[in-house]
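A.B. asks: Dumping the structure here so I can ask a few things about it.
The values are calculated or read from the model by the stated rules, or taken from the named source; none is laboratory data. In this text, all values refer to a predicted model and were calculated from it rather than measured experimentally. Here the Cβ positions follow ideal geometry from the backbone for every residue, glycine too, while neighbour counts run over all protein chains shown.
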Amino acid sequence: MKAPAIISIIDDEENIRRGISSLLRSLGYEPRAFASAESFLASTAVDCACIVSDVHMDGMSGIDLFQTLTSRGSKVPFIFVTAFSDEVERLKLGHDVHVLPKPFKVDILIDCIEKATQPGG
């Protein structure tokens, strides 16, 4: 049996982390939630199938996290959920990045995660 894909959720809002984690668990994924980019980097969850991250958080931002991982050679697909989607889109971070404005539709998040976790996603 294939192990479920690990999806890391990084958001400083507990309700967001809890809601996305619950949704992903119900779809058969293995969510791992973090309140900050720093706690994610200090964990073993860096090797995951996809990262769902807020942009604006205390400490390291989601964009800084993306750039840090990219500089380390990571190719993990990113999904940013943010109230500041124009700011992220202007950065043109690459084809492995999706930007969902808050509030987002759950079916769009699911579609992004399914695409990101497919081979070659």
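A.B. asks: For the range 104-112, check the following and say yes or no: at least one residue is at pLDDT below 90 and either of a type outside the set (Asp, Glu) or assigned to a loop (DSSP other than H, G, I, E, B) (or both).
C.D. replies: Restricting attention to the range 104-112, the residues satisfying the condition of being at pLDDT below 90 are 104.
Subset that is either of a type outside the set (Asp, Glu) or assigned to a loop (DSSP other than H, G, I, E, B) (or both): 104.
Yes: the range 104-112 contains one or more residues that are at pLDDT below 90 and either of a type outside the set (Asp, Glu) or assigned to a loop (DSSP other than H, G, I, E, B) (or both).
A.B. asks: Inspect the range 31-47 for any residue being β-branched (Val, Ile, Thr), in contact with a Lys or Arg (Cβ under 6 Å, 6 or more places away or on another chain) and either surrounded by 14 or more Cβ atoms within 10 Å (Cβ to Cβ) or assigned to a loop (DSSP other than H, G, I, E, B) (or both) and give the result as yes or no.
C.D. replies: No, the range 31-47 contains no residue that is β-branched (Val, Ile, Thr), in contact with a Lys or Arg (Cβ under 6 Å, 6 or more places away or on another chain) and either surrounded by 14 or more Cβ atoms within 10 Å (Cβ to Cβ) or assigned to a loop (DSSP other than H, G, I, E, B) (or both).
A.B. asks: Now for a separate question. Somewhere in the range 81-95, is a residue closer than 23 Å to Lys2 by Cβ, in contact with a Phe, Trp or Tyr (Cβ under 7 Å, 6 or more places away or on another chain), at pLDDT below 90 and part of a loop (DSSP other than H, G, I, E, B)?
C.D. replies: No, there is no match, as no residue in the range 81-95 is closer than 23 Å to Lys2 by Cβ, in contact with a Phe, Trp or Tyr (Cβ under 7 Å, 6 or more places away or on another chain), at pLDDT below 90 and part of a loop (DSSP other than H, G, I, E, B).
A.B. asks: Is there any pair linking a residue in the range 30-57 that is closer than 22 Å to Gln118 by Cα to one that is in a helix (DSSP H, G or I) and hydroxyl-bearing (Ser, Thr, Tyr), with Cβ under 8 Å and at least six apart or on different chains, and which?
C.D. replies: Listed pairs, sorted by first residue: Pro31/Ser21; Ala33/Ser21.
Residues are listed down the side, and each one gets a yes or a no for (1) under 13 Å from the mean Cα position of the chain (by Cα); (2) acidic (Asp, Glu):
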position: Ile7; (1), (2): yes, no
position: Ser21; (1), (2): yes, no
position: Ser26; (1), (2): no, no
position: Ser36; (1), (2): yes, no
position: Cys50; (1), (2): yes, no
position: Ser53; (1), (2): yes, no
position: Asp58; (1), (2): no, yes
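Matching residues to (1) surrounded by 16 or more Cβ atoms within 10 Å (Cβ to Cβ); (2) modelled with pLDDT of 95 or more; (3) farther than 26 Å from Ala3 by Cα:
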{"site": "Ile51", "(1), (2), (3)": "yes, yes, no"}
{"site": "Asp58", "(1), (2), (3)": "no, no, yes"}
{"site": "Val99", "(1), (2), (3)": "yes, no, yes"}
{"site": "Lys102", "(1), (2), (3)": "no, no, yes"}
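A.B. asks: I've got another one for you. Might you let me know whether the range 15-25 holds any residue that is under 24 Å from Phe84 (Cα atoms), outside any helix (DSSP H, G or I) and in contact with a strand residue (DSSP E or B) (Cβ under 9 Å, 6 or more places away or on another chain)?
C.D. replies: Looking through the range 15-25, none of the residues is under 24 Å from Phe84 (Cα atoms), outside any helix (DSSP H, G or I) and in contact with a strand residue (DSSP E or B) (Cβ under 9 Å, 6 or more places away or on another chain).
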